[in-house]
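Peer 1: Got a structure for you, written out below as structure tokens; questions coming shortly.
The values are calculated or read from the model by the stated rules, or taken from the named source; none is laboratory data. Since we're looking at a predicted model, the values are computed, not measured. Here Cβ is always computed from backbone atoms with ideal geometry, including for glycine, and neighbour counts include all displayed protein chains.
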Ligand SMILES: Cc1cc2nc3c(=O)[nH]c(=O)nc-3n(C[C@H](O)[C@H](O)[C@H](O)COP(=O)(O)OP(=O)(O)OC[C@H]3O[C@@H](n4cnc5c(N)ncnc54)[C@H](O)[C@@H]3O)c2cc1C
Ligand SMILES: Cc1cc2nc3c(=O)[nH]c(=O)nc-3n(C[C@H](O)[C@H](O)[C@H](O)COP(=O)(O)O)c2cc1C
Ligand code: FES
């Protein structure tokens, strides 16, 4: 009987029993999947993006299936800080899986303020900083694609919270490693990547965009190999843990991220077709470690061989 | 709500592109309420990363049937399913139709697959009511005989007149309403295209009746998590002023009370608090 491999990993002060989390926006605010997935078995639960005030999001249609993935433009609909703390957090506190809240704001001050408020709330174990949403105050330049803005927002949030802080990087940049370095320099505990790719779909009969928002974000299997390259680049650039996501549908993609240098992974779009995908990924990683005689998942992180195969 | 691997007991073409898929389901079938739906995993292919929602047509001990029309890639892939194949379902999902009120006369109004979605309402109601069904042609009129066998009165309208009365279903409905004898108040249960649902809500609202409609929305998760399927519903804010809120068709719906729906063109515009013109990456 082979020994059970150790799946646990650490992000800042946060210890996760396994490296598999849910990707923000694909797993709701907590209770939605609970009848199909034992939340206690997850590495961490990452909830949909929360802002200080409730947000209505975009008009419909908000989602369309495209070859190899999905386009979405939900528009960050959420019940706001107070609504989330009142209506969802008590439910999540019943579980032992750590809760990571994905946060966003329109201004640097909003980001910092919501981070501070969440730091005072029991039952929140980490903050993922979504710096890929539009920045209204600064004329539509996304925080996640402007190095100066990224530095300012991460530093401002860091100054106001001691919770494990995980800036979530946008793939919409020429060199993602630079953004990972900025996050590390600003005191982030980890970085997560990637968010969705700006994309669009057109109904050629009506000559109208399919999404009401005209453009949306591409996710799912189509983005996996791009995400993999970005995770590899980011992981080589920083010492803090990297959380890989994009197109995971099975343990195979999750393991590729880990081999490329990710310490943890998140399952997104695949939750929609296979609500128990996270659990299958955990099982698959464990089976792989057994098969490869590895005592822990940490021993696999960043083990990509790039020399010529002999 | 459960996830279940079901086995196909039979799969056959009914007419006009509609197929009847009967599944062996020991867990989900007994839980189904009229108007609820299942989220079906279409045969996996790179092109279908989402499940597809279907109303439950019949549900009895150990079996569940859906009636579906081929309209796109997912339903096309479903056509290839054979007896004995496995089909993964999540369900039953959503809020279905409420029980018929004690003193009311159930009036069902259907277009397209609406007949399938409404069948369990008729089957599980003691009072025999009336069904109005419409379509473009005879091929669109599904399972009228199933309702007749339950003892219900079925009235048919087709746009080309190939069966029943020529014209829209609202025409035969209005004719009946005009001549309707006093007695039980009609209570409406509708499922079909948006235009039809809106027409029903108009009549229901005008007369102060009760009415329930099932909305069709493209879905992501079906579980209430992704917020893709939202519909505007009426709401009062803290000061009692009428406003609107989003409801999830997969969770609060698919069935809504007519009086709760905010149709897009009635002036209650969304006040945006996210910037729509920028690319709104989540
Ligand atoms: C609660 C519920 C119950 C249902 N019950 C039944 C039933 O009993 N029987 C039945 O036949 N059908 C039913 N439907 C409809 C059924 O789910 C769809 O017909 C099916 O999902 C189509 O899948 P497809 O892959 O074949 O089509 P797709 O290829 O996905 O699309 C079909 C059409 O819709 C368009 N489309 C795709 N995405 C969007 C979008 N985001 N916004 C607007 N248009 C889009 C496409 O361009 C295409 O023309 C139900 C739907 C709901 C929500
Ligand atoms: C419907 C939907 C909603 C999302 N909402 C958010 C969000 O609120 N905040 C965020 O940081 N990312 C959001 N994302 C992005 C995911 O967290 C993830 O980065 C992306 O989907 C890539 O992973 P995947 O290919 O496994 O889906 C959303 C994705 C989808 C599909
Ligand atoms: S389909 Fe995801 S919330 Fe309704």
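Peer 1: Could you tell me whether any residue of the stretch A:93-109 is touching a strand residue (DSSP E or B) at 6+ places or on another chain (Cβ under 7 Å) and modelled with pLDDT under 95?
Peer 2: The answer is yes; a qualifying residue exists.
Peer 1: If you scan the stretch B:48-89, which residues turn out to be under 15 Å from residue B:12 (Cα atoms), within 6 Å of ligand 1 (Cβ to nearest atom) and within 16 Å of the chain's Cα centre (by Cα)?
Peer 2: Passing the criteria: B:66, B:67, B:68, B:69.
Residue-wise test of (1) modelled with pLDDT of 95 or more; (2) within 13 Å of another protein chain (Cβ to nearest Cβ); (3) farther than 29 Å from residue A:247 by Cα.
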residue	(1), (2), (3)
B:11	yes, no, yes
B:15	no, no, yes
B:31	yes, yes, yes
B:47	no, yes, no
B:80	no, no, no
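Peer 1: Just checking: which of the strands (runs of 3 or more DSSP E) contained wholly in the stretch B:208-255 hold 2 or more residues that are over 17 Å from residue A:31 (Cα atoms), within 11 Å of chain A (Cβ to nearest Cβ) and within 16 Å of ligand 3 (Cβ to nearest atom)?
Peer 2: The strands (runs of 3 or more DSSP E) meeting that bar are B:230-236, B:242-248.
Peer 1: Enumerate the helices (runs of 4 or more DSSP H) found wholly within the stretch A:65-131, keeping only those where 2 or more residues are within 14 Å of chain B (Cβ to nearest Cβ) and more than 26 Å from residue A:249 (Cβ to Cβ).
Peer 2: A:80-87
Peer 1: Among the residues of the stretch B:75-87, write down those that are surrounded by 18 or more Cβ atoms within 10 Å (Cβ to Cβ) and under 12 Å from residue B:25 (Cα atoms).
Peer 2: Hit for the stretch B:75-87 is B:87, nothing else.
Peer 1: Within the group B:238, B:199, B:225, which residue is at pLDDT 95 or above, over 13 Å from residue B:260 (Cβ atoms) and either surrounded by fewer than 22 Cβ atoms within 10 Å (Cβ to Cβ) or within 13 Å of ligand 1 (Cβ to nearest atom) (or both)?
Peer 2: Answer to the check: B:199.
Peer 1: Something else about it: From A:62, A:35, grab the single residue that is touching a strand residue (DSSP E or B) at 6+ places or on another chain (Cβ under 9 Å), within 13 Å of another protein chain (Cβ to nearest Cβ), crowded, with 24+ Cβ neighbours inside 10 Å and modelled with pLDDT of 95 or more.
Peer 2: A:62
Peer 1: Would you check if there is a residue in the stretch B:64-74 being part of a helix (DSSP H, G or I), surrounded by fewer than 17 Cβ atoms within 10 Å (Cβ to Cβ) and in contact (Cβ under 8 Å) with a residue 12 or more places away in the chain?
Peer 2: yes
Peer 1: If you go through the stretch A:204-223, how many residues are more than 10 Å from chain B (Cβ to nearest Cβ) and either within 30 Å of residue A:253 (Cβ to Cβ) or surrounded by 18 or more Cβ atoms within 10 Å (Cβ to Cβ) (or both)?
Peer 2: Selection size over the stretch A:204-223: 2.
Peer 1: Given the structure, is residue B:35 away from chain A (no Cβ under 14 Å) and within 23 Å of residue B:140 (Cβ to Cβ)?
Peer 2: Yes, satisfied.
Peer 1: Here is a list: A:40, A:72, A:78. Which entry is near ligand 2 (Cβ under 10 Å from one of its atoms) and over 21 Å from residue A:223 (Cα atoms)?
Peer 2: The match here is A:78.
Peer 1: Now a separate question. Which ones in the stretch B:206-222 are within 13 Å of ligand 1 (Cβ to nearest atom) and farther than 15 Å from residue B:262 by Cβ?
Peer 2: B:214, B:216, B:218, B:219, B:220, B:221, B:222
Peer 1: Restrict the check to the stretch B:146-155 and report whether at least one residue is touching a residue at least 24 places away in the same chain (Cβ under 8 Å), in a helix (DSSP H, G or I), farther than 30 Å from residue B:247 by Cα and in contact with a strand residue (DSSP E or B) (Cβ under 7 Å, 6 or more places away or on another chain).
Peer 2: The answer is yes, given that some residue of the stretch B:146-155 is touching a residue at least 24 places away in the same chain (Cβ under 8 Å), in a helix (DSSP H, G or I), farther than 30 Å from residue B:247 by Cα and in contact with a strand residue (DSSP E or B) (Cβ under 7 Å, 6 or more places away or on another chain).
Peer 1: Within the group B:2, B:93, B:105, B:40, which residue is more than 13 Å from ligand 1 (Cβ to nearest atom) and within 14 Å of chain A (Cβ to nearest Cβ)?
Peer 2: On inspection, the qualifying residue turns out to be B:2.
Peer 1: Find the residue count for the stretch A:1-46, including only residues that are part of a helix (DSSP H, G or I) and in contact with a helix residue (DSSP H, G or I) (Cβ under 8 Å, 6 or more places away or on another chain).
Peer 2: Result for the stretch A:1-46: 4.
Peer 1: Right, something else. Is it true that residue A:263 is surrounded by fewer than 17 Cβ atoms within 10 Å (Cβ to Cβ), touching a residue at least 40 places away in the same chain (Cβ under 8 Å) and touching a helix residue (DSSP H, G or I) at 6+ places or on another chain (Cβ under 8 Å)?
Peer 2: no
Peer 1: Out of (1) at pLDDT below 95; (2) crowded, with 18+ Cβ neighbours inside 10 Å; (3) assigned to a strand (DSSP E or B), what's the single condition that is false for residue B:19?
Peer 2: (1)
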